[in-house]
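Down below is the structure, laid out as structure tokens.
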Amino acid sequence: MKKVVKFGGSSLASARQFKKVGEIIRADKARRYVVPSAPGKRNDKDDKVTDLLYQCYDAASEGRSYKKILEKIKGRYEEIVDGLGVNMSLDPAFESIEENFLNKAGRDYAASRGEYLNGVIMAAYLGYTFIDAAEVIFFDDAGNFDAEGTDKELSERLEHIERAIIPGFYGSRHDGTIQTFSRGGSDVTGSIVAKAIHADMYENWTDVSGFLVADPRIIKQPEVIETITYKELRELAYMGAGVLHEDAIFPVRKEGIPINIRNTNRPEDKGTLIVETTVRKPRYTITGIAGKKGFCSINIEKAMMNAEVGFGRKVLQVFEDYGISFEHMPSGIDTMTVLVHQSEFEEYEQSVIAGIHRAVEPDFVEMESDLALIAVVGRGMKASRGTAGRIFSALAHARINVKMIDQGSSELNIIIGVKNADFEAAIKAIYDIFVMAEM
């Protein structure tokens with residue numbers, strides 16, 4: 001069995017955390033390929049090493065004083081090395097970094113050194129083979145990820161290496177220039193490595209025990225989602241839930257490799273398993289609740305609208321002309337409502353309304369501001385009768401007026417619109433009816 005394990009910045013912020021990571025890796029012989037992030041914050045007042053590297057590079061490349069920042073970065077790593085008792089010197093690496101900073105090697109190069117140095121230390125600590133990501137993760141000359149070239153090189157390099165460390169977050173262009181991933185960073189690297197070695201599992205270790213059913217800032221100690229499908233994950237991510245970026249999921253999803261989100265500080269917790277599909281029954285009717293504030297609705301009424309071919313297209317063309325994307329578009333026989341981000345819409349609202357009048361000659365146009373959208377997501381809803389009824393009942397009991405409801409044909413999610421002021425109360429009401437009542 002082969003597992004790729006990725007550890008986030010908080011998991012590798014200090015020697016103490018490094019030791020936890022070492023114990024986790026050694027506890028399972030299948031954890032053979034490790035993707036480390038740069039050291040994160042040790043406490044709320046601390047700095048992320050990546051931020052310090054950016055500051056140091058900017059100062060050095062602009063001819064300002066940078067030595068103190070460089071010494072601070074060096075101190076962070078020396079503290080880790082000393083705490084682990086590893087017999088190694090980072091002096092040559094820092095001499096090279098300083099030289100490249102002064103030669104303006106680029107901000108991507110600067111940022112990548114955080115992962116690079118952590119990778120070097122981890123390889124020495126565990127006795128694993130270190131592979132510089134710049135040698136196996138490739139981008140083309142335009143900065144786009146070269147999936148085919150990377151997969152071929154990684155597969156060949158790792159085929160005969162039993163255990164390896166590959167730093168996350170960066171790779172290189174064809175000319176050797178260091179390039180970082182714009183989103184998802186080390187999560188993306190872990191997924192790419194998992195695909196290349198045909199891993200049985202991709203474990204993503206962080207500082208939480210998996211994905212939560214609801215936002216912990218709204219619900220006190222929400223339940224952890226045990227198993228979630230990629231489709232459910234996408235629905236929750238779209239509505240603002242803090243989950244893995246799609247770029248980090250695509251390589252393993254394509255290969256059918258499951259992802260396990262785990263907690264470095266609570267390795268006994270099973271975390272959340274992300275899968276393509278599953279016969280496992282969800283613990284609750286719903287899988288998760290997520291939402292966002294700051295929407296407005298444009299309600300268009302016109303008699304016999306349903307008989308007018310191209311009506312919807314003409315309306316949406318007006319929004320497109322002003323670069324405004326729509327979120328949802330529930331409709332009736334003679335009505336059509338378009339929901340958009342209020343911040344994007346406000347500047348063009350009168351122009352859009354005039355454009356709608358010119359395009360479709362409506363009988364009436366009305367707008368409502370300060371709306372929030374809440375997505376109730378779950379594969380279990382398909383097999384459960386009365387899900388929408390339970391949502392309405394819970395919201396009515398909490399004295400919350402529903403402004404909109406939209407359910408997809410897949411029955412995987414229900415979108416509810418409420419006033420911004422009712423957002424938190426609505427999520428609490430829905431959580432109580434589906435989670436607390438089903439426990």
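Rule-based calculations on the coordinates, nothing more; no lab input. Nothing here was measured: the structure is a model prediction, and the numbers come from that model. We place every Cβ from the backbone using ideal geometry, glycine too, and count neighbours over all the protein chains shown.
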Q | For the range 35-54 and the range 353-386, distance of Cα centres in Å | A | 42
Q | lysines with Cα under 17 Å of LYS314, excluding same-chain neighbours fewer than 8 positions away | A | LYS302
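Per DSSP H run of at least 4 residues, take -39500 (n - 2.57); add these up for the chain, divide by its residues and hand me the 222 nm value, nearest 500 deg cm²/dmol. Don't skip to the answer; put the middle values down first.
On the way: 14 runs with 168 residues, N = 439.
After summing the helix terms and dividing by the residues of the chain, the value is -12000 deg cm²/dmol.
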Q: For the chain, build the convex hull from the C-alpha positions and give me its volume per residue in Å³.
A: 180
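Would you please give the FRET efficiency between ASN103 and ASP47, computed as 1/(1 + (r/R0)^6) with r the Cβ-Cβ distance and R0 = 25 Å, to the nearest 0.05? Before the final figure, lay out the partial values.
Numbers: r = 25 Å, r/R0 = 0.98.
The value I calculate is 0.50.
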Q | Equivalent ellipsoid dimensions for the range 376-417 as semi-axes, Å, which come from the Cα gyration tensor, largest first | A | 19, 12, 7
Q | Two-decimal Rg to Rh for the range 246-403 - Kirkwood Rh, Cα set | A | 1.08
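Under the classification rounded if a/c is under 1.5, otherwise prolate if a/b is larger than b/c and oblate if not, where does the range 68-202 fall, given a ≥ b ≥ c as square roots of the Cα gyration tensor eigenvalues?
Numbers: a/c = 2.17, a/b = 1.25, b/c = 1.74.
Verdict is oblate for the range 68-202.
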Q) Is the range 1-155 best put as rounded, prolate or oblate by its Cα gyration tensor, with a ≥ b ≥ c the root eigenvalues, rounded for a/c under 1.5, and otherwise prolate when a/b is larger than b/c, oblate when not? A) oblate
**Q.** Point-charge dipole on Cβ atoms (K/R +1, D/E -1) for the range 57-131, about Cα centre, debye to 20
**A.** 200
Q.
Students often forget the sequence filter, so: which lysines lie under 17 Å Cα-Cα from LYS292 once same-chain residues fewer than 8 apart are removed?
A. LYS403, LYS419, LYS428
Q: Count neighbours as other Cβ atoms within 10 Å of each site's Cβ, and list the trypsin sites (Lys or Arg not before Pro) in the range 81-164 that are DSSP loop with at most 14 such neighbours.
A: LYS104
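Can you work out the FRET efficiency for the pair ILE405 and SER343, with r the C-beta to C-beta distance and R0 = 22 Å, to the nearest 0.05?
Details: r = 24 Å, r/R0 = 1.08.
Rounded to the nearest 0.05, the efficiency is 0.40.
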Q) Okay, which of the range 1-39 sit inside 19 Å, backbone N to the point 7 Å along the Cα-Cβ direction of ALA124? A) 12-23, 34-39
**Q.** Computed FRET value (nearest 0.05) for ASP91 with PHE392, which takes r as the C-beta separation and R₀ as 56 Å
**A.** 0.25
Q: Note the angle between two axes, namely the Cα long axis of helix 67-84 and the longest principal axis of the Cα atoms of the chain, as a number of degrees from 0 to 90, rounded to the nearest 10.
A: 80
Q | Sequence-separation-based contact order of the chain, relative, with Cα cut under 8 Å and 6+ spacing, percent | A | 13
Q. Which of PHE345, TYR431, THR180 sits farthest toward the positive end of the charge dipole of the chain, with +1 on the Cβ of Lys and Arg and -1 on the Cβ of Asp and Glu?
A. TYR431
